[in-house]
Structure formats: C-alpha cells, structure tokens
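Structure first, commentary second.
The values are calculated or read from the model by the stated rules, or taken from the named source; none is laboratory data. What you see is a predicted model; the values in this text were computed from it and never measured. Cβ coordinates were reconstructed from backbone atoms using ideal geometry, including for glycine residues, and neighbour counts include every protein chain displayed.
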Amino acid sequence: MKNENNKYKVLVLPFVFIYVWLLFKTAWVSDDAYITFRSIENFIHGYGLVHNIGERVQTFTHPLWFFVLSGANFLVQQLTTVWAQMYYVSVGISMILSIATILVLVFYVARSSRGAILSLIVLISSKAFVDYSTSGLENSLTHFLFIAYLSVYLWDAESDDKKMILLASIAGLGTLNRLDSLLLFAPPLIHFFWQTENKVKTFVLVVVGFLPVIVWEIFSVFYYGSLVPNTAYAKLNTGIKTLTLLQQGLYYYANSLTLDAVTLSVVAGVIVYVVIKGSSRHILVGTSIVFYLLYILYIGGDFMSGRFFSTPLLAAAALLSLPSYKNKKRYYALIMIIAVLSLLTPTSPLRSPAGYGGPDFRKYIDEQGVADERAVYFHHLGLFNPHRTVDLPGSRFAGHNWIYEGEKTVEVVSVKTLGIVGYQAGPNKHVIDHNALADPLMARLPLVDENQWRVGHYRHAIPQGYLETLSSGQNMIMDDGVADYYDKLSFIVRGNLYNWRRLVEIIKFNFGAYDDLIESYLPPENS
C-alpha cells in the first residue's frame, strides 16, 4: 500500500469505523472466561496459579492470555476501584487487540485499497469473527498475533535472520497463547526454515523464538506435574470413539453454515482460489487453514459456534486483501455475494437486534449441543445490552473481595458448569465441576456414561468418598485402586514443590506408571 497511502486511508476508514461500532455493539464476556478469571484472582492476590487454593491445577488453556489479563488487572486494581474488575479489563484489552488486528491487516498486509475493503467487509459480516473479537477468551490475542505473523511472512524480502527470528518469536507467542494454534503457524515457518542456507543457525533462531513456550512447559511440568492443562485430560480422556467425534465435528461445521454462512463459505472459496492461482506463500497460508480445519473436525469441534473458525477466517481475509482486483465486475460481484450471504443469515452481526439473546438460553443451543454462545450470555454479560437487569459478576463496587481466610475446614462446592458460579464462590471454597475441568483426579477417570455427553462437556465420575476427602484432607475414597492413585496424584498437586520425591512421581505419572490403578474403575451409578 505504499503507492496509494492517502487514497487508501480515506477509502478504508469508514469500514474500520463500522467494525469498531460492531465491536462495541456486540461486546460480551463468556461464562468460560470466568474459569480463567478465578485463577487470575488467586494469582494476583498471591495464592498461586491455581483454581482452588492449595491444589496446583491448571484450568486455563491460554497461558499468554492469562498473564496479559493478570498484569492488566493487577495494575488497574492499584489505580481504581470502580473499573477494577475482570469483566471490564478483559473487554477493554480484547477491543484494543481487535482494533489493532484490523489496522495491521489493512495497513500492513493488504496490497490494495480494494483488497483491504473486501477483507474488512468479510470480517464485519462474519459472526464468528465479530463474536470472538471480545468474549473474554484468548481469540482476540490469537487474531492479533496471527495477523502480525502474516504481515512478516508476506514481506517481499527473501529469507534472512531478522525475518526468521520475528516469525519464530510471534509463532512462539501464538503457541503460548493457545497450544493448538501451532498448526496455523507451523506450515509457513517450516517452509521459511527450509529456504534458508544455514539450517543450524536458523534452527537456533527458531528455538530462541520459542523460548517462552519451552520455559512455560518446563514450569508447567514442575509446578502442575503435567505438560498440558487439566482441561486436556478432562476433554480428551473420554473414551469416545474417533468416528463419533468426527461426526460431531461435521455437526459443528453444519451449525456454522446455518448461523454464519459467510465464514466457512469465504474460507472454502479462498482455499480453492489459492490452490488455483496462489503463489507458494499464499498456498502455505492456505495449508495452515486446512490443517487447522482438519484438527477442528478431528476433535469434534466445540460447543461454541464459530469460535474455532475465527482465526482461519482472518487468514482467509488476509489472503483476499492481497490481489489488486483490476477487474471491477468480479470485485463487486464478490462484495455482492458476501453481502447476500450476510443479509440472508438472521444471526449476522450486521442484523443482530439491540436485544440480542434473552433469558431463555436453551433455544440458542441446537440438538447436537452447539450453541450460539453470545446469544446464550449476552442477556446478562453483554456490555451494552439494555435488557441486562443484574450486576456483572465480580463487580468490585458491588462488595466483591478476594481474601483467603485459610480455614482448616474446607467447604467443597460441586457445580454443573464452572464459570461464573465458580468465580462467585470466592477463594474460600473448593470448587469442582461435573466436567472435571478443575479436578485432577476426576479428569483422569472415565465418563459416567460414554453415550451421554455434550461436546466440550464430558461428565466424569466422582468416586465415592471423594467429596469427603477434599473436605477433610483425609483419603476416604472407597475404591482401593482410585484411593492409591489419588495419594500419589495428591502428592504432586499438593505436596512440597521442591521435594525430590515429587519430581520422581511426576516422571512416573507422565509415563503412565500408575494408570493400571484406575483402568478397571467403574463409575458408581449415582456418580
């Protein structure tokens, strides 16, 4: 865009303003974000990177986002009491990152004003992208890091050390933000690596770029006893057949096409285009999209409609911004197609009414368990929803405090969903959920019923005597194998960090030394 700076700015700014308007209009925070918020409260108040005080369990899946929010919340809480709550801080940071994403796209990635405008039209028409420009989840940070990555990768300059370290550093941060996003960063990075002459030097640069991830994983094993968060055990340790998950993944795609016709249609169209006419770099970005889409299918999608499609859509929009579009008829035909798809979709962000969502959240969840998540929670957690009649959860000016009293008797609270309910329980209650997101033992036990589940919500067994164990601190689990397993697991998540025997147990656990203790466990009928 160096050759048409002034004209470019004038043409693109109205579309940037439309996006900013939509950003404020649709801003919200999801229930799942409050799972992270609880750990942040514990961390910034000095109780550790934990969900329940005294038990080292990682319930957040986005370490970089966790630390960004932690730092911001700590600073804000030192400066003010009115706005010092997780809700406003997360919304504010998400908005800043989302606007920065758009600006990088149109001013550093796009090669023409027409390309920039087309890419913006795609993004403001996409429910997935607009919905997850906020939400309190890590999407906005992933968006920003990935568009920054593409702005570097698509430079005209050939391979050099500066470009390599930039690519590796951004990819490392993106992976630290969400581990599975490595699939998006990897193909271009690998391609760039193989183009370099000095492979050893380039490999060292890649390792340097990924140092934050390496350091985190070392810390994670030492602190939590695991390379992956507890949620990975809860959601992957299910026993559900791969074919069943693939079928659920197809449902996830179908749901997106129903609620958000623009997103997957554009992604599919762009993939076809780059295969036919794209350069090698464009094809590599398209390969990243395909890898990630296959991964989404493999894991069965998600229960949040469109959430996993927002970054692939951003990548597709970036590729759309590159051509010059000299053929005006084709260009305006593309705009018309996108406009028609958006206008024909009732849930399009351009059509969503001010009173979007409502108290009857069940109607926004389809038969396969996939939800229009913003509609489910916007009634209570929308920033500018005029129908909101309750205080935002965790409001500091509503008397919220986060002080651990250190009582010996622990009140154990078992909840169906972990988010807001768990956050509002405060630091003096030990909160576990049926889906085992916050409990290390339950996450490793089988499901109550492998035939009864909702994607992303897998109900794990609660062993007899386990609630009493958590409350009293004494092992009262009735199943001998599970009781023995818990003793060893408890030593890892509750024992002295610097005890060398604990490090030995961590190694044994990660290599499955004690798996046989729970392999034959059958959940009780009333679990």
Item to complete: Find the helices (runs of 4 or more DSSP H) located wholly in region 43-125 whose residues include 2 or more that are surrounded by fewer than 18 Cβ atoms within 10 Å (Cβ to Cβ), and list them.
Response: 63-79, 86-104
Discussion item. From the list V431, V415, exactly one residue is surrounded by 21 or more Cβ atoms within 10 Å (Cβ to Cβ), closer than 30 Å to G46 by Cα and either of a type outside the set (V, I, T) or within 30 Å of the chain's Cα centre (by Cα) (or both). Which is it?
Written reply: V431
Discussion item. Looking at L441, L437, can you tell me which residue is in contact with a Leu (Cβ under 8 Å, 6 or more places away or on another chain), in a loop (DSSP other than H, G, I, E, B), in contact (Cβ under 8 Å) with a residue 12 or more places away in the chain and within 30 Å of E373 (Cβ to Cβ)?
Written reply: L437
Worksheet item: Between a first residue in region 142-162 that is modelled with pLDDT under 90 and a second residue that is not in a helix (DSSP H, G or I), which pairs have beta carbons less than 7 Å apart while being 6 or more apart in sequence or on different chains?
Response: S159/T196
Discussion item. So, in region 304-325, how many residues would count as being in a loop (DSSP other than H, G, I, E, B) and within 19 Å of V109 (Cβ to Cβ)?
Written reply: 5
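Conditions (1) among the β-branched types (V, I, T); (2) surrounded by 21 or more Cβ atoms within 10 Å (Cβ to Cβ); (3) at pLDDT below 90, marked per residue:
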{"position": "L392", "(1), (2), (3)": "no, no, yes"}
{"position": "K408", "(1), (2), (3)": "no, no, yes"}
{"position": "P440", "(1), (2), (3)": "no, yes, no"}
{"position": "Q452", "(1), (2), (3)": "no, no, yes"}
{"position": "Y466", "(1), (2), (3)": "no, yes, no"}
{"position": "T469", "(1), (2), (3)": "yes, no, no"}
Worksheet entry | Number of the condition not met by L322 [criteria: (1) in the same structural domain as V122 (by TED's automatic domain parsing); (2) within 24 Å of Y252 (Cα to Cα)] | (2)
Item to complete: Out of S113, S98, S151, report the one residue that is touching a Lys or Arg at 6+ places or on another chain (Cβ under 7 Å), assigned by TED's automatic domain parsing to the domain that holds M336 and among the small types (G, A, S).
Response: S113
